[in-house]
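Read through the structure below, which is laid out as structure tokens, and then see the notes.
The values are calculated or read from the model by the stated rules, or taken from the named source; none is laboratory data. Model, not experiment: these values are computed from the prediction. So basically every Cβ, Gly included, is an ideal-geometry build from the backbone, and we count neighbours across all protein chains shown. Just so you know, the surface numbers come from the protein's heavy atoms only, side chains and all, with ligands and any DNA or RNA stripped out. Shrake-Rupley method; radii C 1.70, N 1.55, O 1.52, S 1.80 Å.
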Amino acid sequence: MPYVYLDSGSTHPMPLGARAALEEYLRYKTRDGLWTGYSMDAKEKAVIERFGALVGAAPDELTFIQSTTMGENLVHQALGFPQAGGRIVTDALHFFGSFYTYGELRKAGMDVVTLPMTREGRIDMKAMAAAVNDRTKLVSVSHVSTTNGFEHDLKAVCDLAHAHGAYVYADIVHGAGSTPLDLRAAGVDFAACSSYKWLMGDFGLGFLYVRKELQEKVTRPRS
């Protein structure tokens with residue numbers, strides 16, 4: 001690369017390996033040279049398994065989605081929002097694109113609490129503990145903030161939420177591929193990310209994680 005690229009937190013340059021995979025796919029789609037031996041099912045299985053190993057998830061806890069925001073919205077649908085009511089706790093260091101969604105859920109009658117960041121650019125766990133109560137249905141955070149890089153202790157967030165019967169959604173788009181992450185060990189219930197940042201993929205492909213124990217307890221928005 002003939003220059004230094006400094007905006008990888010927004011979107012990462014595509015690596016040569018990803019380009020080679022796309023070229024292989026295009027040869028398969030166009031039957032270039034009577035291309036044989038390519039299996040889309042095998043490719044999808046391998047990608048899911050490798051991503052699961054990266055973030056601490058079993059393959060049957062993962063599925064493909066188009067974007068992180070789509071994953072977050074599917075979680076809301078699975079939990080019956082806004083009709084189910086109750087409280088959602090999020091914070092000012094969550095993905096800024098999600099604020100519109102939570103504003104609309106507030107208008108629809110849900111009790112949405114957005115915790116401010118401290119002067120040091122952090123989210124105070126004491127403030128979160130004060131906000132999460134037995135009416136709380138969901139705690140929604142970014143594992144690593146797109147705003148300033150603040151990293152939540154997901155285990156602490158999950159322990160707090162679960163003590164009140166609430167679920168935890170984590171936007172992991174800035175954590176997956178850049179920061180050690182084990183969703184099951186942390187106790188995360190739902191997570192989503194796209195592939196165009198630290199996974200060094202492209203737009204239009206992402207992952208949704210739903211903890212296995214919850215899959216029969218929530219409504220499946222898509223068949």
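Once you have the Kirkwood Rh of region 1-78 from its Cα pairs, apply Stokes-Einstein at 10 °C and 1.306 mPa s and quote D in µm²/s. Could you put the intermediate results ahead of the total?
Working: Rh = 15.6 Å.
The estimated diffusion coefficient comes to 102 µm²/s.
For region 205-210, the Karplus equation 6.51 cos²θ - 1.76 cosθ + 1.60, evaluated at θ = phi - 60°, returns couplings of 9, x, 9, 10, 10, 10 Hz by residue, with Gly and Pro reported as x.
A viscosity of 0.890 mPa s and a temperature of 25 °C, combined with the Kirkwood radius over Cα pairs in Stokes-Einstein, give a translational diffusion coefficient for region 83-188 of 177 µm²/s. Considering only DSSP beta bridges whose two residues both sit in region 123-223, what percent are antiparallel, to the nearest 5? Just about 45 percent of them are antiparallel.
Ranked by the mean number of other Cβ atoms within 10 Å of their residues, highest first, the peptides 192-201, 74-83, 9-18 fall in the order 192-201, 74-83, 9-18. GNM, the chain, Cα, under 10 Å: largest mean-square fluctuation among THR114, THR30, THR146? Fluctuation is largest for THR30. For region 136-223, averaging the sequence separation of C-alpha pairs within contact (under 8 Å, six or more residues apart) and dividing by the residue count gives a relative contact order of 24 percent. Note the angle between two axes, namely the Cα long axis of helix 68-78 and the longest principal axis of the Cα atoms of the chain, as a number of degrees from 0 to 90, rounded to the nearest 10. Tilt relative to the chain: about 50 degrees.
At a threshold of 8 angstrom on Cα-Cα distance, excluding pairs fewer than six apart, so keeping six or more, what relative contact order does the chain reach in percent?
Working: 371 pairs, mean separation 59.4, N = 223.
Relative CO of the chain lands at 27 percent.
The angle between the Cα long axis of helix 16-29 and the longest principal axis of the Cα atoms of the chain comes to about 70 degrees, rounded to the nearest 10.
On average over all directions, what projected area in square nanometres does region 135-223 have, based on the convex hull of its Cα atoms? Before the final figure, lay out the partial values.
Working: hull surface 26.4 nm².
About 6.6 nm², averaged over all directions.
Most tightly packed first, judged by the mean number of other beta-carbon atoms within 10 Å of their residues, the peptides 86-94, 44-52 read 86-94, 44-52.
Of the listed residues VAL4, VAL132, the order by accessible area with a 1.4 Å probe, largest first, is VAL4, VAL132.
Against the chain, whose longest principal axis comes from its Cα atoms, helix 40-55 is set at around 40 degrees.
Only beta bridges with both residues in the chain are counted; by DSSP, about 40 percent of them are antiparallel.
Tell me, what is a quarter of the convex hull surface for the C-alpha atoms of region 20-126, in nm² with one decimal?
Numbers: hull surface 42.8 nm².
For region 20-126, the mean projected area of the Cα convex hull comes to 10.7 nm².
The Rg/Rh ratio for the chain, using Cα coordinates for both the radius of gyration and the Kirkwood hydrodynamic radius, is 1.01.
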